[in-house]
Amino acid sequence: MKYLPNTLTFIRIILTPFCVYFLLFDSKPILAFSLFIIASITDGFDGYYARKFNVISRFGAFLDPLADKIMVVSMFLCFFYLYDNIVNIYVLSMIIFRDVFVTFIRMIMEYRNYTLVTSKISKLKTVFQIVAINVMFIAIIFGGEIFLNDQSLYLLILMLITAIITFYTGIHYFVTNYKQLKLICNFDVKG
């Protein structure tokens, strides 16, 4: 059981390129969606098993959110490539900027043995991202081009709300962890 949480996290990382392949190159969105659901389920279980069996590690605490970002950003990149009228450059930029920014902050803090303080609002961000990705998959699978063209305004609004919440959580992470980051920066200047 010691390696189960990290194994589930690695499964999520491994499944992501297959989701991309079946969505973009092999035109099998149902298969891509199924793999995405399996990957999403591993996200729920890796943390659960880590806490249940008390096998929480710094490596796992870093890898889990990184795996989430790889999966989510990959899906939004695919949707941008396929339907840039819905997942436009603004949506994509806010999501990618936030995830790269937060990962950078997390890496700096981990390197200096600080823990990134997370918040409940990040859970809301995750819910919106997963819902948005699921809705896009459902639109692609069941509605096809007709749904994506006729209902694109509703999907665009959902994507914009998701992107704004995602971006806001990046700002929130920075503000919440500002004191620790300032200590790290002062240490670097003096050291």
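Listing for the model above:
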read-out	value
Residue that is modelled with the lowest pLDDT, among those in region 35-79 that are surrounded by 15 or more Cβ atoms within 10 Å (Cβ to Cβ) and among the hydroxyl-bearing types (Ser, Thr, Tyr)	Tyr49
Test: residue in region 4-15 that is in a helix (DSSP H, G or I), in contact with a Cys (Cβ under 7 Å, 6 or more places away or on another chain), crowded, with 21+ Cβ neighbours inside 10 Å and at pLDDT 90 or above	no
Flag for Asn113 being more than 21 Å from Phe174 (Cβ to Cβ) and modelled with pLDDT under 85	no
Pick from region 135-156, criterion at pLDDT 90 or above and open to solvent by 40 Å² or more (accessible area, probe 1.4 Å), ranking: farthest from Met71 (Cα to Cα)	Ile138
All positions within region 82-93 that are crowded, with 18+ Cβ neighbours inside 10 Å and not in a loop (DSSP other than H, G, I, E, B)	Val91, Leu92
Number of positions in region 16-36 that are in a helix (DSSP H, G or I), without any contact (Cβ under 8 Å) to a residue 12 or more places away in the chain and not aromatic (Phe, Trp, Tyr)	2
Odd one out for Arg106 among (1) over 26 Å from Ser27 (Cα atoms); (2) modelled with pLDDT of 85 or more	(2)
Number of positions in region 54-69 that are over 14 Å from Thr42 (Cα atoms) and of a type in the set (A, V, I, L, M)	3
Residue check for Asp84: at pLDDT below 90, closer than 18 Å to Phe10 by Cα and of a type outside the set (A, V, I, L, M, F, W, C)	no
Number of positions in region 94-132 that are farther than 24 Å from Phe33 by Cα, assigned to a helix (DSSP H, G or I) and either open to solvent by 20 Å² or more (accessible area, probe 1.4 Å) or polar (S, T, N, Q) (or both)	11
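The values are calculated or read from the model by the stated rules, or taken from the named source; none is laboratory data. Because the structure is a prediction, the values reported are computed rather than measured. Neighbour counts are summed over all protein chains in view; Cβ atoms, including those assigned to glycine, are modelled from backbone coordinates with ideal geometry. In case anyone asks, the SASA skips ligands and DNA or RNA and just uses the protein heavy atoms, side chains included. Shrake-Rupley method; radii C 1.70, N 1.55, O 1.52, S 1.80 Å.
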